[in-house]
Amino acid sequence: MPPEPIIAHESRSKALATVYRYHDGTKHHFDQFARSLGYLDWASQPRPFRGFTDGPVFPLYPAPGVAANKYAPHRATFDQACECDVAAHSLGAAAIGDLLRHALGLSAWKRFNTSRWSLRVNPSSGNLHPTEAYVIVGALPGLADRPAAYHYAPDRHVLELRCLFDEGVWKRAFGGRGESVLVALTSIHWREAWKYGERAFRYCQHDLGHAIAAISIAARLVGWRAGLLPAWSHRAIAALTGIDRDQDFIDAEREEPGCIMAVTAGEPLDCAHEQVRELVDAVRRGQWSGRASQLSEDHVTWSFIDNVARATEDPGRSSALAVRLGAHHQRARHDRQIDARALLLQRRSALAFDGQTTIDRVTFFEMLWHVLPGSRTPWPSLWWDPRVHLAIFVHRVEELPRGLYLLLRDRHVFARLRAACQPDFLWEAVDDALPLWCLARFDTRTLAGRVSCNQDIAADGFFSAGMLGDFDASLQTFGPSFYRHLFWETGIVGQVLYLEAEAAGARATGIGCFYDDPMHDVLGLRGHAFQSLYHFTVGRPVEDARLTTGPGYAWEKTA
Ligand SMILES: Cc1cc2nc3c(=O)[nH]c(=O)nc-3n(C[C@H](O)[C@H](O)[C@H](O)COP(=O)(O)O)c2cc1C
C-alpha cells in the first residue's frame, strides 16, 4: 500500500525553500538575535504540565499503593544498561512505569525564596518542556482491560486514558511479535515560543532528541529495546495520539506530531504501512476520553513556526530506506559500576563551571567513543546513519593541547568536510582509533564563549562543542522533514554527553543560544553544506548554594 500523499500543499522544492528560509531566518547574529518578543510576558507564561481532564487515570509504579504485580526491578549499572546486558522483564504496567519514571519523570523540585519549580529526567531548553508523551499498549493488569492510548502526566506519574480500541487489530499488529509498547512524542510549540519566539521550533526538536535518547536508555533498564519507526507519518501519529481531535483541544494549545518508537521486550520491531493504517482506523473508531488542559490564556502567533512545521511534515517513509547503524567498538573500558537509575535521576545542567578543573585524556576520549554510532544504546534506536559531527573547543584536557578539534561520527564525510573547511587547518589525527582530528592549536576559551552567545559556561569547562549537521546532503537525501531529524540527532548526542559527564563526576549543559554564522566562520564554512545546529559544554560545576533541592515525587526520599 502506498504511503500517504507527500506534503499536501507544497511541492518538495517549495517545502525545502521554506526550511532554508526558516533556518537562516532564525539564526542569531552578533548584532541581531532571532525574532522573539524581546521580553517575557509573565501573564501568558505556560503552565508547566498538561493534563487530560474527565478521563480515567492509572497511577504508575513506582509509587506507594500502586500494584507492582510481582515486578522487582533488576538492578542495572549504567554500562550494563547501555550495552544491553540487562535481562528483559515481561511486559507489564509496573515495568512501563519504571521506564517512564527514568526517561521523562520529575528528577527534582528546586526552590529559591518563594519560587519552586520542577526538573525532569530529560532536559529542555529554558526548562519549558514542550515534549508530551503517549503510550499505546494492549490490555494489561493495572491499566485498561483493552488496548488503549494514554497520555503520560509526569507531574503525577500517571497515565491518562485517551482511547480504548479494538483488541483484534492490536493483536494482528503486534500479537505474534513479542511484547510491545508504542511511545509517541509530540511537541507543544507554544511552550518554547512563549520565551524564544521564532527559534523555538529548533528547540522543540532538540528536546525531542533528548527525549528519544532518554526513552532508549530507560528502556534498557527493564531489558527492552526502543527504536524509531519511520513508517509512521505525522498524520498517523496525530490520529493515534488523538492530537488531531479538535473536540478534545477546545481552548487548549495544539500539539505537533513528533515521532513514534516501538519499545519491545522481544526483537526490534518494524511497522509496515498496512499495520499503521489498521491501527489508525482502529483508534478512529475507538472510544475516546479526556480533554486537554489549557496552558496559557493568551498567545502570540508565530507563523514562521507554523510554516516550517508544515514544510517539514513527515509523510512517513518506507522501512526499506532504514539504515541501521554500523558498530563501533564502544564498550566502556570497564563497567564503571554506576547505578543506572541513580545516574539518570541525578542528571542536571550546570549553571556555571569552575574554570580550573581538568579532565584526563582517557576519560575525555571515552566520552567521545560513546557518542559514536554503534551497538551501544541509544544508537541502535535511529534508522539513519550519522549526520552530525562535533567541532570541539578543547580547553582543559590533560595531555591534549588547547585547540579546535573535529570528531567525525561518520568517516565517510572526511573528504567533503575537509574541502568545506578553511584550507589552513592541520588535520592531524590525534589517535590511532578515535576519528578525532586536530584542526588548530590555540587558546580556545574566549572564542568558544563568544560564539555561544557570550555564555561563560562554553569557556569555563573542559571543552565545548558545536554540532555540525550534514545539512544540504541530508535534506536532499531524506527530504524536508529530515530537518527535524538533524536536530533530534544533536539532542541524542547531547543526552549521551549529559550522562557521560555525570558518569565522569562532571556536568554538562546544552547550549541552544549560539551565533550560527560566526561559528561557521570559525571553521571557514560557506553555504549550507554543514550547519552548526546545537552547542554543548562539559566541565566541573559550581553549585548555586542558594537553591534547595527536593525529590521529584513526594513519596521519594531526598538523596
Ligand atoms: C536544547 C537545549 C538548549 C539549552 N540551551 C541552554 C543555553 O543556551 N544556556 C544555558 O545555560 N542552558 C541551556 N540549556 C539547559 C536548560 O536550561 C536546562 O536543561 C533546563 O533548565 C532544565 O534543567 P536540567 O537540565 O538541570 O534538568 C539548554 C538545554 C537544552 C535541552
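The values are calculated or read from the model by the stated rules, or taken from the named source; none is laboratory data. Remember, predicted model here, so these are calculated numbers, not experimental data. Because the Cβ atoms are built from the backbone with ideal geometry, glycine has one as well, and the counts that use them run over all protein chains shown. Ligands, DNA and RNA are excluded from the accessible area calculation, which covers all protein heavy atoms including side chains. Shrake-Rupley method; radii C 1.70, N 1.55, O 1.52, S 1.80 Å.
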Tell me the residue from Gly494, Gly505, Gly479 that is free of Cβ contacts under 8 Å to residues at least 12 places away in the same chain and over 22 Å from Gly403 (Cβ atoms), please. Gly505
Residue list for region 41-72, restricted to those being open to solvent by 60 Å² or more (accessible area, probe 1.4 Å), basic (Lys, Arg) and modelled with pLDDT of 95 or more: Arg47
Answer with yes or no whether Ser115 is out of contact with any Leu (no Cβ under 6 Å at 6 or more places or on another chain), without any contact (Cβ under 8 Å) to a residue 60 or more places away in the chain and open to solvent by 30 Å² or more (accessible area, probe 1.4 Å). yes
By residue number, the members of region 341-384 that are more than 16 Å from the ligand (Cβ to nearest atom) and either in contact with a Cys (Cβ under 8 Å, 6 or more places away or on another chain) or aromatic (Phe, Trp, Tyr) (or both) are Phe364, Phe365, Trp369, His370, Ser375, Arg376, Thr377, Trp379, Trp383, Trp384
Of the numbered conditions (1) more than 15 Å from Tyr150 (Cα to Cα); (2) open to solvent by 10 Å² or more (accessible area, probe 1.4 Å); (3) small (Gly, Ala, Ser), Ala95 fails exactly one; give the number of that condition. (2)
Qualifying positions in region 85-126 - of a type in the set (S, T, N, Q), within 16 Å of the ligand (Cβ to nearest atom) and part of a loop (DSSP other than H, G, I, E, B): Asn122, Ser124
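Does region 73-93 include one or more residues that are closer than 29 Å to Glu256 by Cα and at pLDDT 95 or above?
There is at least one residue in region 73-93 that is closer than 29 Å to Glu256 by Cα and at pLDDT 95 or above.
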Some residue of region 448-463 being surrounded by fewer than 24 Cβ atoms within 10 Å (Cβ to Cβ) and away from the ligand (no atom under 16 Å from the Cβ): no
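A quick yes/no check of all residues on (1) over 21 Å from Arg507 (Cα atoms); (2) within 20 Å of the chain's Cα centre (by Cα):
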{"residue": "Thr358", "(1), (2)": "no, no"}
{"residue": "Leu368", "(1), (2)": "no, yes"}
{"residue": "Pro373", "(1), (2)": "yes, yes"}
{"residue": "Trp379", "(1), (2)": "yes, yes"}
{"residue": "Asp385", "(1), (2)": "yes, yes"}
{"residue": "Val397", "(1), (2)": "no, no"}
{"residue": "Arg416", "(1), (2)": "yes, no"}
In this structure, does Tyr534 turn out to be over 27 Å from Asn307 (Cα atoms), surrounded by 20 or more Cβ atoms within 10 Å (Cβ to Cβ), touching a residue at least 24 places away in the same chain (Cβ under 8 Å) and not hydrophobic (A, V, I, L, M, F, W, C)? no
Going through region 19-40 in order, the residues found to be open to solvent by less than 50 Å² (accessible area, probe 1.4 Å) and of a type in the set (D, E, K, R) are Lys27
Among the residues of region 391-441, how many are of a type outside the set (Gly, Ala, Ser) and open to solvent by less than 70 Å² (accessible area, probe 1.4 Å)? 30
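Can you name the residue in region 464-497 that is among the polar types (S, T, N, Q) and closer than 18 Å to Gly539 by Cα and, of all such residues, is nearest to the ligand (Cβ to nearest atom)?
Filtering region 464-497 for residues that are among the polar types (S, T, N, Q) and closer than 18 Å to Gly539 by Cα, the one nearest to the ligand (Cβ to nearest atom) comes out as Gln495.
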Please determine whether any residue of region 140-155 is modelled with pLDDT of 95 or more, within 16 Å of the ligand (Cβ to nearest atom) and not aromatic (Phe, Trp, Tyr). yes
Just one of (1) within 13 Å of the ligand (Cβ to nearest atom); (2) of a type in the set (A, V, I, L, M); (3) open to solvent by less than 20 Å² (accessible area, probe 1.4 Å) trips up Leu547, so point out which. (3)
The condition from (1) more than 16 Å from Ser452 (Cβ to Cβ); (2) over 17 Å from the mean Cα position of the chain (by Cα) that Tyr483 misses is numbered (2)
What number of residues within region 151-200 satisfy the criterion of being more than 26 Å from the chain's Cα centre (by Cα) and β-branched (Val, Ile, Thr)? 1
Could you say which residue among Tyr553, Tyr498 is hydroxyl-bearing (Ser, Thr, Tyr), assigned to a loop (DSSP other than H, G, I, E, B), farther than 15 Å from Gln205 by Cβ and out of contact with any Gly (no Cβ under 7 Å at 6 or more places or on another chain)? Tyr553
